[in-house]
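Undergrad: Mind having a look at this structure? Questions to follow.
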Amino acid sequence: MQDYGNAVVNSIVEHFDTQNEKYPVATASRKEMDTLFLEDAPEKPTDAREVLDFVLQKVMTQSNVVSHPKSYSFVPGPSNFISAMGDALASGFNIFSGGWAASPAAAEMEIVTMNWLLKMYGFPVKRGGGIFTSGGSMANLTAIATARKVKCGDDFSKAVIYLSDQAHSSNIKAIRVLGFRKEQIRIIPTDGEFKVAVNKLKNAIAKDKIEGLQPFCFIASAGTTNTGTVDPLNELATICKKEKIWLHIDAAYGGAAILAKNGKQLLAGIEKADSITVDPHKWFYQPYEIGCLLVRNHKWLKGTFTEKPEYLRDIEGNESEINFYDHGIELTRRFRALKFYMSIKTFGLKAFRKAIDYNIKLAENTEEYLRKSNTWEVVSPATLAIINFRYHPISGKLSEKQLDKINQKISEKVVASREALLVTTILNGQVVLRMCLINPRTSMEDIKSTLQLCEHYANE
């Protein structure tokens, strides 16, 4: 076991040490993968080291390196070694983190780390609460289910929920999973800065109330995936308070910016939410998977999710002993708090602040570099380490259709080269290239060389 474990750890260390030298992109067809892996479950054993070697050589090399400096797309996963080892400990000791009786230490560690986050976002520590989830999708689902229970009780037939056209797709998925009909969902347009149009939200709420419907929840964004935009949280909080609407802030992407030098200014008003989604496996540099939901009152979670089956009656404990299976959907839960705890304790918040500040500045430097070029057009400025731009040479007389086609081809060729992961999104009806720069390993030289590669393909 020690020899095998050492081989596993050594392979992880080697990966961390050499990941910058690898290709960030893995490409393969289903046919290629079937040829490599497809087989019936074996009846006879295979030597453990042989299986490990096969996995290291064939499986791990056929996956994108999301922690690579040139992995710019979606939201990269920079990760960190301490947390990876924390995950190994949690799995190795097979800790069940559902209830207090199964692991008081695991439950207490979740309480402690949750309190750290509550303090970061200005939520009341004694009354507030939260839960670690698999990711932002499950955190948003948990939040909307809680909002519905608190605001609507058991009858949500007339309930209406609001979100902007830039809200993350996980929110729409959660709304549908929870059984809301299409006509109960209001998609509010955004303005030229991709922030929710407040006046249009007010109009939608007023119209629904006149028609006898029940506006119960608005989902704001603190760092949209497309542009990093933060909705006007203070203004939205005022509206929601006046209308008695639950304010959920999806800060899965941008929430970690609270640690930045001007983080409180960037996220002004986030402390007024009823609930907040944060995704530590994004900008808190944790390995997959760990999301988080924070709520202003922990009793809201317990009131929404507690069930009392006979087989759990002997392990309920007292009020201070939290059973986290009562605060969310999962009964069986892995020990997600451990990696977060170990990394914060090991590095200290100062190291996280420094990395986040670096990421924000890197995106701003990228914007400055692009604006000095006669080749590139900034479509959405650097916001919370995200920037959108497109190839649009000043000297050229290219139509919008031609520009869309060229920028799409640039992305396709860059990805096909495996040199960088750089894909497109759509803003203002235009195909644009998008960089999400939350990896502290990414340098300005990485970005410049990628842009030079883009220009090479554009000129072909």
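Undergrad: Within the range 98-108, is there a residue that is farther than 30 Å from Thr450 by Cβ, among the hydrophobic types (A, V, I, L, M, F, W, C) and without any contact (Cβ under 8 Å) to a residue 60 or more places away in the chain?
TA: yes
Undergrad: Moving on to the next point. Would you check if Ser71 is open to solvent by less than 50 Å² (accessible area, probe 1.4 Å) and either under 26 Å from the mean Cα position of the chain (by Cα) or without any contact (Cβ under 8 Å) to a residue 40 or more places away in the chain (or both)? Reasoning before the result, please.
TA: Details: open to solvent by less than 50 Å² (accessible area, probe 1.4 Å): yes; either under 26 Å from the mean Cα position of the chain (by Cα) or without any contact (Cβ under 8 Å) to a residue 40 or more places away in the chain (or both): yes.
The answer is yes for Ser71.
Undergrad: Do we have Lys126 as under 16 Å from His248 (Cα atoms) and open to solvent by 20 Å² or more (accessible area, probe 1.4 Å) here? Outline the logic, then answer.
TA: Numbers: under 16 Å from His248 (Cα atoms): no; open to solvent by 20 Å² or more (accessible area, probe 1.4 Å): yes.
When the stated conditions are applied, Lys126 does not pass them.
Undergrad: For the range 130-142, give me each residue that is in contact with a helix residue (DSSP H, G or I) (Cβ under 8 Å, 6 or more places away or on another chain), among the small types (Gly, Ala, Ser) and either farther than 9 Å from Gly291 by Cα or surrounded by 24 or more Cβ atoms within 10 Å (Cβ to Cβ) (or both).
TA: Within the range 130-142, Gly130, Gly136 meet the criteria.
Undergrad: Out of the residues in the range 1-38 meeting the condition of being assigned to a loop (DSSP other than H, G, I, E, B) and among the polar types (S, T, N, Q), tell me which one is most open to solvent (accessible area, probe 1.4 Å).
TA: Step by step, filter the range 1-38, then rank; the result is Thr27.
Undergrad: Next up: Go through the range 154-165 and give me each residue that's open to solvent by 30 Å² or more (accessible area, probe 1.4 Å) and either free of Cβ contacts under 8 Å to residues at least 24 places away in the same chain or not aromatic (Phe, Trp, Tyr) (or both).
TA: Asp154, Asp155, Ser157, Lys158, Asp165
The values are calculated or read from the model by the stated rules, or taken from the named source; none is laboratory data. Please read all numbers here as calculations on a predicted model, not as lab measurements. Glycine also receives a Cβ, built like all others from the backbone with ideal geometry; neighbour counts cover every protein chain displayed. Keep in mind that these areas ignore ligands, DNA and RNA; they rest on the heavy atoms of the full protein, side chains included. Shrake-Rupley method; radii C 1.70, N 1.55, O 1.52, S 1.80 Å.
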